[in-house]
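The values are calculated or read from the model by the stated rules, or taken from the named source; none is laboratory data. Being a predicted model, the structure only gives us computed values, none of them experimental. Here Cβ is always computed from backbone atoms with ideal geometry, including for glycine, and neighbour counts include all displayed protein chains.
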Amino acid sequence: MEIMGKTFAEKALARASGQASVSAGQIVDAQPDAILSHDNTAAIFRLFKQLGIERVKNPDRLRIALDHAVPAPTTQHAQNHAEVRNFVAQQGVKNFFEVGRGICHQVLSEEAMVLPGQLILGADSHTTHYGWMGAFGAGIGRSEVAALWATGELWLRVPESIKVVLNGALPPGVTSKDFCLKFIGDVGADGGLYASVEFHGDGISAMSLESRMVIPNMMAEFGAKNAYLPPDQKVYEYLSVPLQRRLEIGDWGSQEARQSLISNLQSHSLFADADATYRATYTYDASTLEPMIAKPHRVDNVSPLSALKGIRIQQAFLGTCTNGRIEDLEAACAVLKGKQIAAGTRMLVIPASSEILKEATRRGYISILLDAGAVIGVPGCGPCMGNHMGVPAVGEVTISTANRNFRGRMGTRDAEIYLASPAVVAASAVAGVIADPREVSGGEEEKRRGIEER
């Protein structure tokens, strides 16, 4: 019998279910390496108690971060956080991140709490994020997380796979966010329902890690079960630093210990076979791409930036698990340096983690943002899901670096949300209307180099 090549998803779920081989469409009982929850941990625990079980089976596999409404904006939120802290203490959960540490997906990446080839299931739809490092990340429901706490395993259907190839280098001013919006706009927001979306090509490998992180994160808006980018030396080196610190392997900073960890990460990585079977394949030439914007009220309702310039905005939001990293703040500062936020417009900036906030402060980015008139928020999700900080008024227009723009997403049904890259959001804040950063900044690349030299 001819043995067909395997996709990443087939290999990952075979490993997680302890089988030699599985195929798309097959149901498996998988044991995740990590189980994620956030502020919703308290609600999950209430479901868990209904099962009549007192103890979590594998507390060391839990990853919990308070990030969705931080600091607590109401007594109800504060009580919820208190219940999460009690749960963590009672169950002996070691991997818990307090208010202010940052958004769960960014924090777990920074802490190397998920590794290439692993399976992470989380009570957050953007758990697809971990595909940036070659892990299988999938969002699941609260009741499913409660079941995982109780049993340590969950049945999953092995998804069919979609292959996306990006060839060449992105033009100046075009980002991985633009590529994602273009792709989702072409295929539709439901084009990847329960699919494993694999990204390949020299256009992907040429990207910085922070740019790569945007891609699997955005695939949650494509309906994907998971997304995957092949890990490489950049990924291994990034993860080896926190991994060495956390595992206390060798002297801190020891190159020998670091190389040992890198070799181990490489050996556990999974790669799709060249003859794997895909449901569909899409190929893009990076040089043809341009800045894109998703218009209200769907992520696949996209247009080129050039077609939307001049639309009045009241709020610009830079942050979220999609675009709240150093690279994003740098791009915004290249536009904002020496300028002011337009009258009648406000800009809210929320770094994705405390580490990013510290680094942004060290580089002088926070001063640039404050001098321009931006407001800096506590690392976390902020207004992204509409229940904390920065909720728009009725009739207002927000341009955001987030991943979702459906009606009411930011807490106000009769408000509009446009999605764009960090530089476009910053340029729009300066102009007071949707604007092209290449026109607003007057030499963005020169300013970027100046910022980097500081």
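Filter the strands (runs of 3 or more DSSP E) completely within segment 25-84 down to those with at least 1 residues that are in contact with a His (Cβ under 9 Å, 6 or more places away or on another chain).
Numbers: elements: 27-30, 34-37, 62-65.
Once the strands (runs of 3 or more DSSP E) in segment 25-84 are filtered for at least 1 residues that are in contact with a His (Cβ under 9 Å, 6 or more places away or on another chain), what remains is 34-37, 62-65.
State which residue pairs qualify: first residue touching a residue at least 40 places away in the same chain (Cβ under 8 Å) and over 20 Å from residue 7 (Cα atoms) and inside segment 149-169, second residue assigned to a loop (DSSP other than H, G, I, E, B) and charged (D, E, K, R) in any location, beta carbons under 8 Å apart, and separation of 6 or more residues or different chains.
Pairs that qualify, where the first residue is touching a residue at least 40 places away in the same chain (Cβ under 8 Å) and over 20 Å from residue 7 (Cα atoms) and the partner is assigned to a loop (DSSP other than H, G, I, E, B) and charged (D, E, K, R), are 149/57; 150/57; 151/57; 152/57.
Using the structure shown, decide if residue 398 is part of a loop (DSSP other than H, G, I, E, B) and either among the hydroxyl-bearing types (Ser, Thr, Tyr) or at pLDDT below 95 (or both). First the steps, then the outcome.
Values: part of a loop (DSSP other than H, G, I, E, B): no; either among the hydroxyl-bearing types (Ser, Thr, Tyr) or at pLDDT below 95 (or both): yes.
So residue 398 fails the test.
Does any residue of segment 168-179 turn out to be at pLDDT 95 or above, buried (at least 24 other Cβ atoms within 10 Å of the Cβ) and basic (Lys, Arg)?
Scanning segment 168-179 turns up at least one residue that is at pLDDT 95 or above, buried (at least 24 other Cβ atoms within 10 Å of the Cβ) and basic (Lys, Arg).
Would you mind finding the one in 265, 261 that is outside any loop (DSSP other than H, G, I, E, B), free of Cβ contacts under 8 Å to residues at least 40 places away in the same chain and surrounded by 15 or more Cβ atoms within 10 Å (Cβ to Cβ)? Please lay out each step first, then the result.
Working: 265 fails: free of Cβ contacts under 8 Å to residues at least 40 places away in the same chain.
Only one candidate passes the filter, namely 261.
How many of the residues in segment 361-392 are modelled with pLDDT under 95 and in contact with a strand residue (DSSP E or B) (Cβ under 9 Å, 6 or more places away or on another chain)?
The qualifying residues number 6.
Within segment 277-298, take every residue that is assigned to a helix (DSSP H, G or I) and either touching a strand residue (DSSP E or B) at 6+ places or on another chain (Cβ under 7 Å) or without any contact (Cβ under 8 Å) to a residue 12 or more places away in the chain (or both) and give me the one that is surrounded by the fewest Cβ atoms within 10 Å (Cβ to Cβ). Quick ask: steps written out before the conclusion?
Residues of segment 277-298 assigned to a helix (DSSP H, G or I): 286-288.
Filter once more, keeping what is either touching a strand residue (DSSP E or B) at 6+ places or on another chain (Cβ under 7 Å) or without any contact (Cβ under 8 Å) to a residue 12 or more places away in the chain (or both): 286, 288.
Details: 286: 19, 288: 10.
Residue satisfying both the conditions and the ranking: 288.
Taking the condition of being acidic (Asp, Glu), modelled with pLDDT of 95 or more and either surrounded by fewer than 16 Cβ atoms within 10 Å (Cβ to Cβ) or at positive phi (or both), how many residues in segment 411-454 meet it?
To start, the set of residues in segment 411-454 that are acidic (Asp, Glu) comprises 414, 416, 436, 439, 444-446, 452-453.
Now narrow it down to the ones that are modelled with pLDDT of 95 or more: 416, 436.
When the remaining residues are screened for being either surrounded by fewer than 16 Cβ atoms within 10 Å (Cβ to Cβ) or at positive phi (or both), the result is none.
So the answer is 0.
Please verify whether segment 142-160 includes one or more residues that are buried (at least 20 other Cβ atoms within 10 Å of the Cβ), aromatic (Phe, Trp, Tyr), more than 19 Å from the chain's Cα centre (by Cα) and in a helix (DSSP H, G or I).
yes
Looking at segment 303-325, can you tell me whether even one residue there is part of a strand (DSSP E or B), at pLDDT 95 or above and under 17 Å from residue 170 (Cβ atoms)?
Yes, some residue in segment 303-325 is part of a strand (DSSP E or B), at pLDDT 95 or above and under 17 Å from residue 170 (Cβ atoms).
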